[in-house]
1. Between a residue in segment 338-349 that is within 15 Å of residue 293 (Cβ to Cβ) and any residue that is open to solvent by 10 Å² or more (accessible area, probe 1.4 Å) and basic (Lys, Arg), which pairs come within a Cβ distance under 8 Å, given they are 6 or more apart or on different chains?
2. Look at segment 85-109 and say how many of its residues are open to solvent by 30 Å² or more (accessible area, probe 1.4 Å), farther than 24 Å from residue 198 by Cβ and not in a helix (DSSP H, G or I).
3. Do you know which residues across segment 351-365 are open to solvent by less than 50 Å² (accessible area, probe 1.4 Å) and over 29 Å from residue 60 (Cα atoms)?
4. Which pairs do you get when a residue that is at pLDDT below 95, found in segment 100-118, comes within reach of a residue that is buried (at least 16 other Cβ atoms within 10 Å of the Cβ) and not polar (S, T, N, Q), reach meaning Cβ atoms under 7 angstrom, with the pair 6+ apart or on two chains?
5. Scan segment 348-407 for residues that are over 25 Å from residue 20 (Cα atoms) and of a type in the set (Gly, Ala, Ser) and report the count.
6. Which of (1) under 30 Å from residue 183 (Cβ atoms); (2) basic (Lys, Arg); (3) not in a helix (DSSP H, G or I) does residue 265 not meet, given it meets every other one?
7. Which residues, taken from segment 60-84, are part of a strand (DSSP E or B) and either modelled with pLDDT under 95 or in contact with a Ser or Thr (Cβ under 9 Å, 6 or more places away or on another chain) (or both)?
Amino acid sequence: MEHFTLIDGALHCERVPLERIAAEVGTPVYVYSRAMFEHQADIFRAGLVDAGIENAHLAYAIKANPNRAVLAVLARRGYGADVVSGGEMQRALAAGMPAHDIVFSGVGKTRGELASALDVGIGQFNLELEEEGEVLAAIAAAGGTSADAVLRVNPDVDAGTHAKISTGKAENKFGVAIDQAVAMYGRLAALPGLNMRGVAIHIGSQLLDITPLEAAYTRIGQLVAELRAAGHTIERVDLGGGLGVPYKAGDVPPSTAAYGTMVARVTRGWNVQLMFEPGRFIAGNAGVLLTRVIWVKPGAVNPYVIVDAAMNDLARPALYDAWHDFVAVRPNGERMMANIAGPVCESGDTFAMGRDVDAVKSDDLAVFRTAGAYGATMASTYNSRALVPEVLVDGDRYAVVADRIDPATILAAERLPDWLTA
């Protein structure tokens, strides 16, 4: 996270002191570095280009961080979007991403979402089941148009990641069984209103080893050969995303150079446009969650550092036992063994247990690092807490790119029925 550094003893995002953001915006607050988003976007592309992959389609996985300002930054870097809902599609369009550069993924697209995506002219539908293709074909044919689509297959490859972010095993809900793909592809390709262009795959997220990816890509290469032998024209292969980021010491994700080299080797001779859906890789280390210590509460074994951020602001530790480094904004060189927890009324509202961290006291500022992906996008208002704001830093300036939505505003959106006001 080279764009989050100590300057004169205090943590900065680029050249903006986090203490300033805390004073002017309040805490908790997500803080993003524009330069880091751009850096990660550029090195992902460079890893492919340097390996000789020239015509790749890059579609940022919006679910990782859907803030419109973030999307606008990536649109200027030439990225399209991978979306999994009509709402994400609207965000991509609002950020300036062309409709033809949008890929619509997801296992539960509604008929309304399919129709809306056709209306705006998105570039590709990633089909998850045969019935979805039949419905899409009927909607397109009824409107006198044709939908470009690929078939997502499940290669039954274990990504070796957390069970809740694994998507390529046979028991996962995503894609169609690879042994059914050739016959199903043939039936879909025969439908008027559907223009089948190729296949797609995505086996999971936060991969620290490219070996499972190579195994999955090899199986897809075999499928491409089988489809062509059956008389189908295959023009695109969507290889998904999944490259991990370092959350803690010892995490060593593959370099983009190693990834690009592997992809170029495995896909040599495919003669297709390769498509990629990076998300966490671009966003993860581009953001932190800035928080303030409320109390340091004595505990049975270790003290509890109670911060004003909670599981409703950053859900990953509660959902996945995920690790986020916790560091003081103005460290004094001292350390402490502590549990880091939020104020929500759940025992699961803990970020770390028995962790060696910077020594902090009440009113100190600290950050949870590597929070740019799957942070604010998963936030809620549980316990009637405010919805966390987001800030984007650009050099020595910053802007609030998502307001804090306070409990009073949320309450004002609720209504009492007449029969409770009499």
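1. So the pair list comes out as 338/355; 339/355; 340/355.
2. Total satisfying the criteria: 1.
3. Listed by number, the residues that qualify are 352, 354, 355, 357, 358, 359, 360, 364, 365.
4. Listed by first residue and then by second, the contacts come to 106/84; 107/128; 107/174.
5. Summing the residues that are over 25 Å from residue 20 (Cα atoms) and of a type in the set (Gly, Ala, Ser) in segment 348-407 gives 5.
6. (3)
7. Pass one, segment 60-84, residues part of a strand (DSSP E or B): 60-61, 80-83.
Once the filter is applied, which keeps residues that are part of a strand (DSSP E or B) and either modelled with pLDDT under 95 or in contact with a Ser or Thr (Cβ under 9 Å, 6 or more places away or on another chain) (or both), segment 60-84 yields 61, 82, 83.
Here is a yes/no grid of residues against (1) within 26 Å of residue 9 (Cβ to Cβ); (2) of a type in the set (S, T, N, Q); (3) touching a Pro at 6+ places or on another chain (Cβ under 8 Å):
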position: 318; (1), (2), (3): no, no, no
position: 330; (1), (2), (3): yes, no, no
position: 351; (1), (2), (3): yes, no, yes
position: 362; (1), (2), (3): yes, yes, no
position: 369; (1), (2), (3): yes, no, no
position: 385; (1), (2), (3): no, no, yes
position: 388; (1), (2), (3): no, no, yes
position: 397; (1), (2), (3): yes, no, no
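The values are calculated or read from the model by the stated rules, or taken from the named source; none is laboratory data. The shown structure was predicted, so the numbers you read here are calculated from the model rather than taken from an experiment. Because the Cβ atoms are built from the backbone with ideal geometry, glycine has one as well, and the counts that use them run over all protein chains shown. Note: areas computed on protein heavy atoms with side chains; ligands, DNA, RNA excluded. Shrake-Rupley method; radii C 1.70, N 1.55, O 1.52, S 1.80 Å.
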